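Asker: Sharing a structure below in structure tokens format, with a few things to ask.
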Amino acid sequence: VRVAYPGAAPDEVEEAIAQRIEEQIEGIDGIDRVTSVAAEGAGVVRIELARGVETTVKLDEIKAAVDRITSFPAEAERPEVRQLVSRQRVIELAVFGEASESTLREMAYRIKDDLTATPGVSLAQVARVRPYEISVEVPNDALRAYGLTLQDIAATIRRSSLDLPGGDIEVGGESILLRARGRNYDRADFERIVLVSSKTGARVRLGDIARIDDGFRDDDLIMRFNGKPAAFVQVFRVGEDKVLDVVARVDEYLERTLRPGLPPGIEVLVWRDDSVEFRNRMDLLLKNGAFGLALVLGALALFLDLRLAFWVSAGIFVAFVGTFAVMPFVGLSINMMSLFGFILAIGIVVDDAIVTGENIYAENERGTPEVEAAVLGSQRVALPVALAVSTTVAAFVPLLFAPGTLGKFLFQIPAVVIVVLTLSVLEALLILPHHLAHLSIAGYRPRTWLGARLADLRHAIDRALRRFVEGPLDAALRFSTAHYGVVIAAAASVFLLTLGAITAGHVRFVFFPQVEGRYVTASLELGPGATVETTLAAALEVERAGREAAASLPDPSGRDLVNAVYITVGQQEATGPGAAGALGLLQGNKASIVFELLDPEVRSVASGDFERRWRELAGQPPEVRKLTFASNVIQLGSPVQLELSARGPEEIGRA
């Protein structure tokens, strides 16, 4: 619930807006937590529902409760009640240059309109710009001279800026709609509004006594990209839109339509392209898949028959292709999490086909006919293979029911792994035996020179393996079964050593591992009441330290380590749940500086090293109360966070 209260201080917003909303909704069941943020000129109340509560029903109840509040100040604007939804941003464009704020804003809106009209792009919006506003300032002396008040002038302006329907008249069998058009749009229109008139025809217009400023709302918001003023256009994926298709459409629009006609001094660059990580995961999946299949094929060719190795590898490939066919029917799509599931499954699905194929191979080597060897070999291992897959599936099933937002993300991984494993066991027990039933393995002689050489190598490896099995392995097994106490003691010792290594800190424990990313962010906060100009000056100092850090860590290739630098004053890039930035409130004492580095694949300097060097050079500026740095791809907030609540600010201060 967001309510704008222009000109009010935070404590006024808390008392007149936030507390009244909290009191009104406290009787609604199903609410888990209420977080309020009161800032200058606006208040936001964030309501989190308990798990399992129907959101749309509670949204209507909360709207009705807020609408019943009649004690809001007269200057407060109408409450805005909406459900927070997470939309997937695909790409973000920076429009920047040495141009006026209105020029950059209009260019951003033109780009937004063009992209929205582009086939394949459903949603684009302009972000981080100030809205237009016409402000009227009247000196106190002028009010007294003409016997006016600010309320009188506001009422006159309101009456003089209207478009009103006037019904219709019928003329000659036609109906003509009547409309009184009187809405004012710019400063000249407002200057002509008549405030006072006399019987002699003398008039006092608004422009005669007031200063009219046709500009932007006085919000605490400054955007700079590569040292120049900027506006941003965000493109989102909606419905059935595909990430890579949307990015391709945007790139085509930039290169063919926009950049050739850009005005001098204005540039448009891609600031954030979230498809890069998606492409990296796709490339990793394809690379791992090809490499894994090659290793399986090579290993099986060394120990078994080359034809057997081919059919086993083909079965693994079929299991993955079959998963893509099943995914639409179980609500899965190709995304970052499902790709991670595929990468995880590559190392698991190999076993079923190898066990089945090897058993059929051994049965055929004993002289059993091909078809009968395929049947007997598959039957012998059907139960162990099915149980092995079932235990793995059972381990992943609990992740399907993980609750909350995290559960929605995690669902993709176990679902993909379970589908791949199920199809792999079906392929290994039903399809693979059919292919191997047509292979005559016993007495087979290769027809080519390469095949003969591979067969000789395989026989040599097979003889060495048999010597190992019948020698050291047999002796070790006999010793282990005869001296089982030694084996149990050794296992217990290894277990205790492992626990000791963990408890002593030799094995670190982190909630989420450090993932190399392209963006390094510094977030700073000054004392309450700091102006945006003061905050911008502090942010520029931190940016200067970041550029010095980049210069002190040169890349061996000679390329600049930094692609782009983005500064936002009034908001912070990394914000936790319930923070003002996350709720759309502007606070002039906060800022963020984001450095985009080269892709991790083409640079030798780690983002963590750059973060540490930047932190050292930035130090702790005297006017900055809080300065934090982050370089992880995924930010999960502070390791420990305390929330204090009390009846008044004095008690909170002492605590």
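The values are calculated or read from the model by the stated rules, or taken from the named source; none is laboratory data. Everything quoted here is computed from the prediction, not taken from an experiment. When we count neighbours, we look across all protein chains shown, and the Cβ atoms used for this are built from the backbone with ideal geometry, even at glycine. Remember, those area values only see protein heavy atoms, side chains included, never the ligands or the DNA or RNA. Shrake-Rupley method; radii C 1.70, N 1.55, O 1.52, S 1.80 Å.
Asker: Among the listed residues 31, 17, identify the single one that is hydrophobic (A, V, I, L, M, F, W, C) and in contact (Cβ under 8 Å) with a residue 40 or more places away in the chain.
Answerer: Working: 31 fails: in contact (Cβ under 8 Å) with a residue 40 or more places away in the chain.
Only one candidate passes the filter, namely 17.
Asker: Moving on to the next point. Please list, ordered by first then second residue, the pairs with beta carbon atoms under 9 Å, 6 or more apart or interchain, first in the stretch 257-275 and without any contact (Cβ under 8 Å) to a residue 60 or more places away in the chain, second open to solvent by 40 Å² or more (accessible area, probe 1.4 Å) and in a strand (DSSP E or B).
Answerer: From the stretch 257-275, the pairs are 259/267.
Asker: Do we have any residue at all in the stretch 386-394 that's over 17 Å from residue 355 (Cβ atoms) and within 46 Å of the chain's Cα centre (by Cα)?
Answerer: From the stretch 386-394, those over 17 Å from residue 355 (Cβ atoms) are 394; that's our starting set.
Next, from what is left, pick out any that are within 46 Å of the chain's Cα centre (by Cα): 394.
Yes - at least one qualifying residue is present in the stretch 386-394.
Asker: Is it fair to say residue 66 is modelled with pLDDT of 90 or more, within 30 Å of residue 38 (Cβ to Cβ) and not in a loop (DSSP other than H, G, I, E, B)?
Answerer: Values: modelled with pLDDT of 90 or more: yes; within 30 Å of residue 38 (Cβ to Cβ): yes; not in a loop (DSSP other than H, G, I, E, B): yes.
Yes.
Asker: Moving on. Given the options 522, 551, 530, name the one that is part of a loop (DSSP other than H, G, I, E, B) and within 30 Å of residue 623 (Cβ to Cβ). Break it down into steps so the answer makes sense when it comes.
Answerer: Details: 522 fails: part of a loop (DSSP other than H, G, I, E, B); 551 fails: part of a loop (DSSP other than H, G, I, E, B).
530 is the lone residue from the list that is part of a loop (DSSP other than H, G, I, E, B) and within 30 Å of residue 623 (Cβ to Cβ).
Okay, residues lined up against (1) of a type in the set (D, E, K, R); (2) in a helix (DSSP H, G or I); (3) farther than 19 Å from residue 181 by Cα; (4) open to solvent by 40 Å² or more (accessible area, probe 1.4 Å):
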residue: 134; (1), (2), (3), (4): no, no, yes, yes
residue: 141; (1), (2), (3), (4): yes, yes, yes, yes
residue: 145; (1), (2), (3), (4): no, yes, yes, yes
residue: 148; (1), (2), (3), (4): no, no, yes, no
residue: 152; (1), (2), (3), (4): yes, yes, yes, yes
residue: 155; (1), (2), (3), (4): no, yes, no, no
residue: 158; (1), (2), (3), (4): yes, yes, no, yes
residue: 161; (1), (2), (3), (4): no, no, no, no
residue: 165; (1), (2), (3), (4): no, no, no, yes
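Asker: Only residues that are modelled with pLDDT under 90 and open to solvent by 70 Å² or more (accessible area, probe 1.4 Å): list them for the stretch 610-641, please.
Answerer: Result: 620, 622, 623, 634, 635, 636, 638, 639, 640, 641.
Asker: Suppose we filter the stretch 95-137 for residues that are more than 30 Å from residue 193 (Cα to Cα), in contact (Cβ under 8 Å) with a residue 60 or more places away in the chain and not small (Gly, Ala, Ser); how many remain?
Answerer: Counting residues in the stretch 95-137 that are more than 30 Å from residue 193 (Cα to Cα), in contact (Cβ under 8 Å) with a residue 60 or more places away in the chain and not small (Gly, Ala, Ser) gives 16.
Asker: Of the conditions (1) outside any helix (DSSP H, G or I); (2) of a type in the set (Val, Ile, Thr); (3) open to solvent by less than 60 Å² (accessible area, probe 1.4 Å), residue 542 satisfies every one except a single condition; which number is it?
Answerer: Only one criterion is unmet by residue 542, namely (1).
Asker: Return the residues of the stretch 500-539 that are farther than 30 Å from residue 39 by Cα and surrounded by 16 or more Cβ atoms within 10 Å (Cβ to Cβ); say none if nothing qualifies.
Answerer: We begin by selecting, within the stretch 500-539, every residue farther than 30 Å from residue 39 by Cα; these are 500-518.
Of everything in the stretch 500-539, those that are farther than 30 Å from residue 39 by Cα and surrounded by 16 or more Cβ atoms within 10 Å (Cβ to Cβ) turn out to be 517, 518.
Asker: Right, residue 319: open to solvent by 20 Å² or more (accessible area, probe 1.4 Å) and in a helix (DSSP H, G or I) or not? Quick ask: steps written out before the conclusion?
Answerer: Values: open to solvent by 20 Å² or more (accessible area, probe 1.4 Å): no; in a helix (DSSP H, G or I): yes.
Considered against the rule, which asks whether it is open to solvent by 20 Å² or more (accessible area, probe 1.4 Å) and in a helix (DSSP H, G or I), residue 319 comes out as no.
Asker: For residue 289, state whether it is under 30 Å from residue 450 (Cα atoms), touching a residue at least 12 places away in the same chain (Cβ under 8 Å), part of a helix (DSSP H, G or I) and under 32 Å from the mean Cα position of the chain (by Cα). Quick ask: steps written out before the conclusion?
Answerer: Details: under 30 Å from residue 450 (Cα atoms): yes; touching a residue at least 12 places away in the same chain (Cβ under 8 Å): yes; part of a helix (DSSP H, G or I): yes; under 32 Å from the mean Cα position of the chain (by Cα): yes.
Yes: the conditions hold for residue 289.
Asker: Oh, and also: Could you please tell me which pairs satisfy a Cβ distance under 7 Å, a separation of 6+ or placement on different chains, a first residue in the stretch 184-205 that is closer than 19 Å to residue 148 by Cβ, and a second residue that is hydroxyl-bearing (Ser, Thr, Tyr) and part of a strand (DSSP E or B)?
Answerer: Hits for this filter: 203/197.
Asker: Show the residue pairs that are 6+ apart or on different chains and have beta-carbon atoms under 7 Å apart, the first residue being within the stretch 457-469 and β-branched (Val, Ile, Thr), the second being part of a helix (DSSP H, G or I) and open to solvent by 70 Å² or more (accessible area, probe 1.4 Å).
Answerer: Correct list of pairs: 461/303.
Asker: Read through the list (1) within 26 Å of residue 75 (Cβ to Cβ); (2) part of a loop (DSSP other than H, G, I, E, B); (3) open to solvent by less than 80 Å² (accessible area, probe 1.4 Å), then give the number of the only condition that residue 185 fails.
Answerer: Only one criterion is unmet by residue 185, namely (3).
Asker: Within the stretch 41-77, which residues are open to solvent by 40 Å² or more (accessible area, probe 1.4 Å) and touching a residue at least 60 places away in the same chain (Cβ under 8 Å)?
Answerer: 46, 51, 75, 77
Asker: Quick one: count up the residues across the stretch 111-132 that are part of a helix (DSSP H, G or I) and in contact with a helix residue (DSSP H, G or I) (Cβ under 8 Å, 6 or more places away or on another chain). Outline the logic, then answer.
Answerer: Step one: filter the stretch 111-132 for residues part of a helix (DSSP H, G or I), giving 111-116.
Imposing the further condition that a residue be in contact with a helix residue (DSSP H, G or I) (Cβ under 8 Å, 6 or more places away or on another chain) reduces the set to 111, 114-115.
Result for the stretch 111-132: 3.
Asker: Go over the candidates 89, 105, 20 one by one and state the one that is surrounded by 15 or more Cβ atoms within 10 Å (Cβ to Cβ) and in contact with an Asp or Glu (Cβ under 7 Å, 6 or more places away or on another chain).
Answerer: 89
Asker: Every residue in the stretch 209-258 that is β-branched (Val, Ile, Thr) and more than 26 Å from residue 130 (Cα to Cα), please.
Answerer: Scanning the stretch 209-258 gives 209, 243, 246, 247, 257.
Asker: Separate question: For the stretch 281-302, give me each residue that is surrounded by fewer than 16 Cβ atoms within 10 Å (Cβ to Cβ) and either in contact with an Asp or Glu (Cβ under 8 Å, 6 or more places away or on another chain) or charged (D, E, K, R) (or both).
Answerer: Residues satisfying the conditions are 283, 287.
Asker: Next up: Just checking, which of 80, 137, 75, 92 is closer than 25 Å to residue 591 by Cα and not hydrophobic (A, V, I, L, M, F, W, C)?
Answerer: Going through 80, 137, 75, 92 in turn, just one is closer than 25 Å to residue 591 by Cα and not hydrophobic (A, V, I, L, M, F, W, C): 92.
Asker: Looking for something out of contact with any Leu (no Cβ under 7 Å at 6 or more places or on another chain), open to solvent by 70 Å² or more (accessible area, probe 1.4 Å) and either among the polar types (S, T, N, Q) or not in a loop (DSSP other than H, G, I, E, B) (or both) - is there at least one such residue anywhere in the stretch 92-100?
Answerer: no
Asker: Which of (1) among the basic types (Lys, Arg); (2) farther than 30 Å from residue 275 by Cα; (3) outside any loop (DSSP other than H, G, I, E, B) is the odd one out, the single condition residue 51 does not satisfy?
Answerer: That leaves (3) as the condition not met.
Asker: Of the numbered conditions (1) surrounded by fewer than 17 Cβ atoms within 10 Å (Cβ to Cβ); (2) under 19 Å from residue 424 (Cβ atoms), residue 385 satisfies every one except a single condition; which is it?
Answerer: Failed condition: (1).
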